[in-house]
Amino acid sequence: MIQFERFTLENGLRVLVHEDKSTPMAVVNVLYDVGAKDEHPEKTGFAHLFEHLMFGGSKNIPVYDEPLQLAGGENNAFTTNDLTNYYCQLPAENIETAFWLESDRMLSLAFSKKSLEVQRKVVCEEFKEHYINKPYGEVWHQLRKLCYTSHPYQWMTIGASLQHVEDATLDDVKAFFHKHYTPSNAILVVAGNVDTAHIRSLSEKWFGPIPSGTKYVRHLPVEPPQTAPRKLEVKAAVPLDALYKCWHMYSRTDHRYYTADLITDILGGGGSSRLFQSLVKEKKLFSNIDCYHFGSTDAGLLTIEGKLVKGVSMQEAESAIEAELIKLQSDGITAAELEKVKNKTESAMAFEDMSIMNRAASIAMYELLGDADLMNTELSRYHAVTIDQIKSESRVIFNENNCNTMYYLSDNSIL
């Protein structure tokens, strides 16, 4: 059980405090309720670009990293389709430095053409290195466009097009900041060797005076139910053929999410999983295969992907996967198999909670989902999943009309 206190400032900033006196450190985590799904279709990649811009200095602090390093701290950030998260860890006695830094860039981030050009170049190089010039790098650009017709999950966090980041103007960036980077759209989590009363005082001092801004309210297009299978064939300069199959699944707050999550572990959770044992180890059709999902806040995708052994045809590989899915839908799983994936999930959750930095991020993300206390009750939801639910939900998810398939073929003429 992870204990925390919660209070809200007058400007709408939600603050959660997790005291842990066993460590000399403290973590300050600021989550902004904005991700790639909140971008305009013609101006994508902004949430990720902004993650970089937030380290470009504020009006009062030219270089964000210097004061933090002098206080013995370290920091980082990440962006997803659903959120942007900034965090720093430092000795608890220096925690006010983190409050000063985070509040100042929330209030008065410095916008300059120079900063934009520097960070634009960094993001563009990242786009080229990981998504254009890297083998299989464009896979999810293709898959998202295949799977989604309406919802903005159809583009990746890096953006739908390099051109969008290249064309971003200073006015575009300022508008994005003032729309999303406000106290009313943020969650502050402080964890470690801290005192709640002191954190309340620091929150009022440093964040309290910041204008609340207009609370951002989403009106995203809902992805319609898929009514027919979709297929795409791509030839690329890659060493091995790869097969990708995606099915729409439930949102992160849907009670059926837990069943779908366990299904991915049964099928593709490591070397003892069904797909690996059957299709890699026994039949030797794939060199590797995996089954996973992204844990998306909105309805996401359950994916099976694998690289084929040379000489194996796509049709043979796909038929083998479909046979395993039919087996799951018709025969279900054993009690021992279900218990095994539940135990694995419990271990993973416990291991993740060992780090105070992870705990702070988890508290923020669960609060974003609706209630941070969900992190304390979620394990019981996994334990409540039954054998019958695994079978019935596998029939719903792996419906042929819900399937998106991509053949990613190695083209030797391109290599």
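Expressed as a whole percent, the proportion of Cα-Cα pairs in the range 198-237 lying more than 13 Å apart is 77%.
Taking Cα atoms only, the orientation of helix 314-331 departs from the longest principal axis of the chain by about 80 degrees.
The Cα trace of the range 1-141 gives Rg and Dmax of 17.2, 50 Å, the first to one decimal, the second as a whole number.
The alpha carbon convex hull volume per residue for the range 360-415 rounds to 203 Å³. For Lys344, a cut-off of 17 angstrom between C-alpha atoms picks up these aspartates and glutamates, skipping any fewer than 8 places away in its own chain: Asp261, Asp265, Asp290, Glu352, Asp353, Glu378. Taking every Cα-Cα distance in the range 172-297 and sorting them into 5 Å bins starting at zero, the pair-distance distribution P(r) comes out as 2, 7, 10, 11, 11, 11, 11, 11, 9, 7, 6, 3, 0 percent. Computed from Cα atoms, the angle from the helix 113-127 axis to the main principal axis of the chain rounds to 20 degrees.
Subtracting the Cα-Cα distance of Ala110 and Gln69 from 0.36 nm times their residue separation leaves 12.7 nm of extension gain. Note on the range 82-235: along the principal axes its Cα atoms extend 58, 39, 31 Å, ordered by decreasing extent. Scanning residues 5 or more positions from Gly45 or on other chains, those with amide H under 5 Å from its amide H are Gly159, Ala160, with H placed 1.01 Å from N in the peptide plane. Approximating the spin labels as points 7 Å out from Cα along Cα→Cβ, the Glu166-to-Lys205 distance works out to 4.8 nm.
Shape summary: the chain maps onto an equivalent ellipsoid whose semi-axes, from the alpha-carbon gyration tensor, are 39, 27, 19 Å in decreasing order. Cβ crowding within 10 Å ranks Phe78, Phe50 as Phe78, Phe50, fewest other Cβ atoms first. Put a plus charge on the Cβ of each Lys and Arg, a minus charge on the Cβ of each Asp and Glu, and nothing anywhere else: the dipole of the range 282-402 about its Cα centre is then about 400 debye.
May I ask you to work out the translational diffusion coefficient for the range 230-410 at 4 °C, viscosity 1.567 mPa s, via Stokes-Einstein with Rh from the Kirkwood sum over Cα pairs, reported in whole µm²/s? D, rounded to a whole number, is 75 µm²/s.
Checking the Cα-Cα distances for Lys179/Lys235; Lys121/Lys145; Lys284/Lys340; Lys145/Lys342; Lys21/Lys174 against a 29 Å cut-off, the pairs over it are Lys179/Lys235; Lys145/Lys342; Lys21/Lys174. Mean residue ellipticity, 222 nm, helices only, the chain: the sum of -39500 (n - 2.57) across DSSP H runs of n ≥ 4, divided by residue count and rounded to 500, is -12000 deg cm²/dmol.
Taking a point 7 Å out from the Cα of Glu282 in the direction of its Cβ, the residues of the range 318-362 whose backbone N falls within less than 20 Å of it are 318-341.
Projected over every direction and averaged, the convex hull enclosing the alpha-carbon atoms of the range 103-145 yields 4.6 nm².
Which stretch or stretches of the range 262-298 have amide N atoms under 19 Å from the point lying 7 Å from Leu369's Cα along the Cα→Cβ direction? It comes to 262-266, 292-298, nothing else. Distance from the C-alpha centroid of the range 370-415 to that of the range 222-251: 14 Å, rounded to the whole angstrom. Largest mean-square fluctuation among Ile387, Ile187, Ile158, in a Gaussian network model of the chain whose springs join Cα atoms under 10 Å apart, belongs to Ile387. FRET efficiency for the pair Ser22 and Thr214, taken as 1/(1 + (r/R0)^6) with r the Cβ-Cβ distance and R0 = 41 Å, rounds to 0.50. Taking Cα centre as origin and charging only the Cβ of basic (Lys, Arg, +1) and acidic (Asp, Glu, -1) residues, the dipole magnitude of the chain rounds to 680 debye. If r is the Cβ-Cβ distance from Thr253 to Asp411 and R0 is 45 Å, what FRET efficiency results, to the nearest 0.05? With R0 = 45 Å, the Cβ-Cβ based efficiency is 0.60. Remark on the range 237-334: ratio of C-alpha radius of gyration to 2.2 N^0.38 Å is 1.10.
Per-residue 3J(HN,Hα) values for the range 177-192, derived from phi via the Karplus relation 6.51 cos²θ - 1.76 cosθ + 1.60 with θ = phi - 60°, read 4, 5, 7, 10, 9, 10, x, 5, 10, 10, 10, 9, 10, 10, 9, x Hz in sequence order (x marks Gly and Pro).
Computed from the Cβ-Cβ distance with R0 of 60 Å, the FRET efficiency linking Asn11 to Thr386 stands at 0.85.
A short reminder: the numbers here are calculations on the coordinates, not readings from a lab. Everything quoted here is computed from the prediction, not taken from an experiment. Cβ atoms come from the backbone with ideal geometry, glycine included; neighbour counts cover every protein chain shown.
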